[in-house]
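Each remark here refers to the structure printed beneath this line.
The values are calculated or read from the model by the stated rules, or taken from the named source; none is laboratory data. Keep in mind that this is a model prediction, so the values were computed, not measured. Areas reflect the complete protein model, heavy atoms only, side chains present, ligands, DNA and RNA absent. Shrake-Rupley method; radii C 1.70, N 1.55, O 1.52, S 1.80 Å.
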Amino acid sequence: MPMKQGLVSSIALKRTISGGTAHRLPADLRVALRASPPALAAWESLTPLARNEWICWVMSVTTAETRASHVTRAIDELLEGKRRPCCWLGCTHRKDKPPSASQQHILSRRKKQ
């Protein structure tokens with residue numbers, strides 16, 4: 001859904017960018033959002049839980065190359081209108097609810113490695 005140019009411009013001028021519920025906005029994602037006012041406007045339209053999932057998804061990888069890819073993909077998908085990262089189990093760091101059965105399975109596999 002296209003946003004009015006004035007709204008995009010006013011959001012781009014905002015000094016702080018909203019973070020998530022369990023995670024603060026990392027610098028690399030902040031820089032990418034600032035570089036794309038339409039993506040930043042889409043970001044600010046998300047709920048704190050949705051922003052949290054994007055942040056956790058970006059932070060969940062182990063290599064710098066994959067992380068850079070996740071940042072780029074997050075911007076692209078925000079511009080496409082996506083509200084959450086696709087094909088990802090969700091943030092396991094939230095304290096307001098227990099991990100789902102799927103998350104518990106993945107976490108138990110990680111502990112064994």
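With θ set to phi - 60° and the Karplus curve 6.51 cos²θ - 1.76 cosθ + 1.60, what are the ³J(HN,Hα) couplings of the stretch 46-52 in order, to the nearest whole Hz, using x for Gly and Pro?
7, 6, x, 5, 5, 4, 4
What does the accessible area per residue of the stretch 43-93 come to in Å², with a 1.4 Å probe and no ligands, DNA or RNA counted?
On the way: 2650 Å² over 51 residues.
Accessible surface, normalised per residue, equals 52 Å².
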